[in-house]
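One structure below.
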Amino acid sequence: MSAMTIADIPAVRKVEQQCFPTPWPRDSFRHELTSNKMAHYVVLRQEALGNVTTTAAPLPKSRMPDIVRKFLGDKIHSQQNIVGFAGLWLMVDEAHITTIAVDPAHQGNGLGELLLGSLLELSRNLKARLCTLEVRPSNAVARELYVKYGFYDHGVRKQYYSDDGEDALVMWSPELNDEYFKSLFFPLRLILGHRIKWTNSVGN
Ligand SMILES: CC(C)(COP(=O)(O)OP(=O)(O)OC[C@H]1O[C@@H](n2cnc3c(N)ncnc32)[C@H](O)[C@@H]1OP(=O)(O)O)[C@@H](O)C(=O)NCCC(=O)NCCS
């Protein structure tokens with residue numbers, strides 16, 4: 001897991017376009033990374049993963065024809081290997097999760113959970129007391145993931161999504177420093193760690 005950079009944006013947008021019916025406007029990620037002091041975004045790179053079996057591993061750099069390697073140069077790193085991303089805004093002592101997505105070809109392997117866990121860990125490091133987010137009621141997969149980490153429904157924003165007018169469910173985490181959350185989070189992280197090996201945590 002690493003902090004998102006400007007060079008990551010094209011690859012992030014590719015994943016985003018596959019995951020959301022209405023991707024953010026073109027310049028949003030650039031704005032978030034350069035101008036929004038509350039914003040924190042992470043990406044999950046293919047090579048940070050150990051034993052995850054996925055269906056769409058990119059061609060390793062070493063196996064690319066020389067001409068392709070020469071042409072793409074360092075862009076290979078940022079264009080080809082991002083399998084997921086997520087972000088939040090830290091607003092005083094609340095972390096507002098703004099986005100989380102995993103490349104559809106890699107979904108169902110624990111990577112969404114890895115991203116959410118990283119955001120929760122990041123929130124705790126940033127001294128956030130709580131985490132909140134909006135989710136479509138129809139998004140059963142995401143809701144299951146949030147509930148697994150203790151999030152609960154806390155209201156509805158009517159016709160929140162502009163593309164189809166669907167309401168948003170507002171969900172909140174438990175207090176991130178409470179024993180209840182810690183007793184949920186740390187064992188889940190341990191279990192996930194056995195399923196996935198990743199090389200570092202956020203900020204390293
Ligand atoms: C939501 C999303 C990030 C989950 O990522 P993922 O890598 O597919 O999910 P994981 O494999 O990490 O699964 C973690 C948990 O999510 C839930 N989940 C995952 N797939 C599920 C499915 N098909 N049905 C129900 N729950 C599911 C489960 O609680 C699962 O835990 P479990 O393995 O103990 O059952 C991913 O599906 C995605 O990118 N969706 C499109 C973008 C999106 O909707 N983002 C959320 C916006 S609010």
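Summary table below
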item: Percent carbon-and-sulfur accessible area, region 1-47, ignoring ligands, DNA and RNA, probe 1.4 Å; result: 55 percent
item: Full-extension gain in nm, ARG26 to THR5, via 0.36 nm per residue minus C-alpha separation; result: 6.0 nm
item: Sequence ranges 1-14, 20-33, ranked by mean other-Cβ count within 10 angstrom, highest first; result: 1-14, 20-33
item: Among 117-125, 92-100, the order from most to least packed when residues are scored by Cβ within 10 Å on average; result: 117-125, 92-100
item: Carbon + sulfur, % of accessible area of region 110-204 - ligands and nucleic acids excluded, 1.4 Å; result: 53 percent
item: TRP89 paired with ASP167, simple spin-label distance in nm, labels 7 Å along Cα-to-beta-carbon; result: 2.3 nm
item: Residues with amide H under 5 Å from that of GLU94, placed H, sequence gap 5 or more; result: ARG129
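The values are calculated or read from the model by the stated rules, or taken from the named source; none is laboratory data. Quick caveat: nothing in here was measured; it's all calculated off a predicted structure. Note: ideal-geometry Cβ built from the backbone for every residue, glycine included; neighbour counts use all protein chains shown. With ligands, DNA and RNA removed, areas are computed over all heavy atoms of the protein, side chains included. Shrake-Rupley method; radii C 1.70, N 1.55, O 1.52, S 1.80 Å.
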